[in-house]
Protein chains: 2
Amino acid sequence: MKKYSTSLFLADIGHTNAKLWRNGKVETVSLRNFKPENIKQTFYFISVNKSYQSRFEKLKNWINLENFSNSQTTYETLGVDRKIAIHDLENGIIVDMGSAITIDIVKSQKHLGGYILLGKESLMLSFKDKIPHLNFGNSLCDEVLPNKTEDALTCGFYHPLVSLIRELESRYKVEVIFTGGDSTDMKNFFPKAIFNKNLLFHNMIKIVETNF
Amino acid sequence: MKKYSTSLFLADIGHTNAKLWRNGKVETVSLRNFKPENIKQTFYFISVNKSYQSRFEKLKNWINLENFSNSQTTYETLGVDRKIAIHDLENGIIVDMGSAITIDIVKSQKHLGGYILLGKESLMLSFKDKIPHLNFGNSLCDEVLPNKTEDALTCGFYHPLVSLIRELESRYKVEVIFTGGDSTDMKNFFPKAIFNKNLLFHNMIKIVETNF
């Protein structure tokens, strides 16, 4: 990824937080504290959060990159974050592990489909709510069968996901690319995969470079 | 499963409901309406719900089967429902799909370990809470890659689980036995598996027959 000599400001707005990129520095801001009206710089953004739509439409310095992805898909209502994640991708399985987990498969530049799963933190909260005495383990999960409740919960999150990704990898014979906050946890299971936590920002930069 | 000429009353108490077996008739009662003190018959029961413990201890007609399972395991704090599910099992993968999903692997009568995952309904509620505009599809999921959001969510629940179970099946070379309310959904994916929605009650009957 080349370094930009000029200033570049990007934003990726989710359902809980806005991730801001300011010349390579990334900051995560809770939506409670995110006021795009107070920002004067030109920001290129994507937003999966519909509630901001009318606010952004009034702000001339906020430029929506939603329609600039060159992804080819027949998937109805593919989220803009997923469209941007597969921008310019020839072949690959993109796994974006945030508050939700999305998996998208691209072969010969064509998006073949994908999945949406619950992220680890939401899963933990949901268990906490349902069965308060069950606790997730802090340790990462390895390949062996869990033999205590904490590991049964932690690996109950990782192992089904790992099995599915490995199955997709062997079926479509393409490499796996991980992004999103929780993705580093997967290095144990996929030592040969690509890990790029700023994949979306890097693709947004490509789009800005090409189109603006 | 033989038919009992004498009356037999069983209860399987969870975190949301109590499932009652009265001579082969099964009734699910919300815990709000479940008052063991008002029941006069002799009931053999298991309970994963710790909040009932002291109440049952005072009731002589409620007989706890917790310690009667012959399962051999090194798993710390294995839930009583899982102990009963693997009672007398020589080889098999038990998948119990209720408000939580448990997976337990038994080989040569030894419990090797297992998993705890979130059940489908809890997963749907958690998504609803987090991202209200996302809806799960009503249709069952088949083997193909999802190509719309509803299917991406529904298959995002089924496919990772199916992948994991198939991986375990091929690693341990034992048959898969499904139980629990949501398990019939898996018939598509595992046409050769055993489906027994009353597995726990059937094993409780075996225990009562042998011990009382």
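When restricted to residues that are open to solvent by 20 Å² or more (accessible area, probe 1.4 Å) and either within 14 Å of chain A (Cβ to nearest Cβ) or not in a loop (DSSP other than H, G, I, E, B) (or both), segment B:158-178 contains 6.
The set of residues in segment A:143-164 that are farther than 24 Å from B:Lys83 by Cα and in contact (Cβ under 8 Å) with a residue 40 or more places away in the chain comprises A:Leu161, A:Leu164.
In this structure, does A:Leu117 turn out to be over 22 Å from A:Thr73 (Cβ atoms), not in a helix (DSSP H, G or I) and not β-branched (Val, Ile, Thr)?
Numbers: over 22 Å from A:Thr73 (Cβ atoms): no; not in a helix (DSSP H, G or I): yes; not β-branched (Val, Ile, Thr): yes.
For A:Leu117, the condition - over 22 Å from A:Thr73 (Cβ atoms), not in a helix (DSSP H, G or I) and not β-branched (Val, Ile, Thr) - is not met.
Scanning segment A:59-82 turns up one or more residues that are in a helix (DSSP H, G or I), more than 10 Å from chain B (Cβ to nearest Cβ) and of a type in the set (S, T, N, Q).
When A:Gly181, A:Gly137 are checked against the criterion of being at pLDDT below 95, closer than 30 Å to A:Ser71 by Cα and either open to solvent by less than 20 Å² (accessible area, probe 1.4 Å) or part of a loop (DSSP other than H, G, I, E, B) (or both), a single residue qualifies: A:Gly181. A residue that is in contact (Cβ under 8 Å) with a residue 40 or more places away in the chain and either under 13 Å from B:Phe201 (Cα atoms) or open to solvent by 40 Å² or more (accessible area, probe 1.4 Å) (or both) can be found somewhere in segment B:39-52.
One residue stands out in segment A:89-125 among those that are surrounded by fewer than 20 Cβ atoms within 10 Å (Cβ to Cβ) and among the polar types (S, T, N, Q): the one that is nearest to the other protein chains (Cβ to nearest Cβ), namely A:Ser99. For segment A:142-154, which residues satisfy the criterion of being open to solvent by 10 Å² or more (accessible area, probe 1.4 Å) and either part of a helix (DSSP H, G or I) or within 8 Å of another protein chain (Cβ to nearest Cβ) (or both)? Listed by number, the residues that qualify are A:Val144, A:Leu145, A:Asn147, A:Lys148, A:Thr149, A:Glu150, A:Asp151. Of the listed requirements (1) of a type in the set (A, V, I, L, M, F, W, C); (2) closer than 30 Å to A:Val80 by Cα; (3) more than 7 Å from chain B (Cβ to nearest Cβ); (4) touching a Phe, Trp or Tyr at 6+ places or on another chain (Cβ under 8 Å), A:Phe136 misses just one: (2).
The values are calculated or read from the model by the stated rules, or taken from the named source; none is laboratory data. Please read these numbers as outputs of a predicted model, since none were measured by experiment. Neighbour counts run over all protein chains shown; Cβ positions are idealised from the backbone, glycine included. Keep in mind that these areas ignore ligands, DNA and RNA; they rest on the heavy atoms of the full protein, side chains included. Shrake-Rupley method; radii C 1.70, N 1.55, O 1.52, S 1.80 Å.
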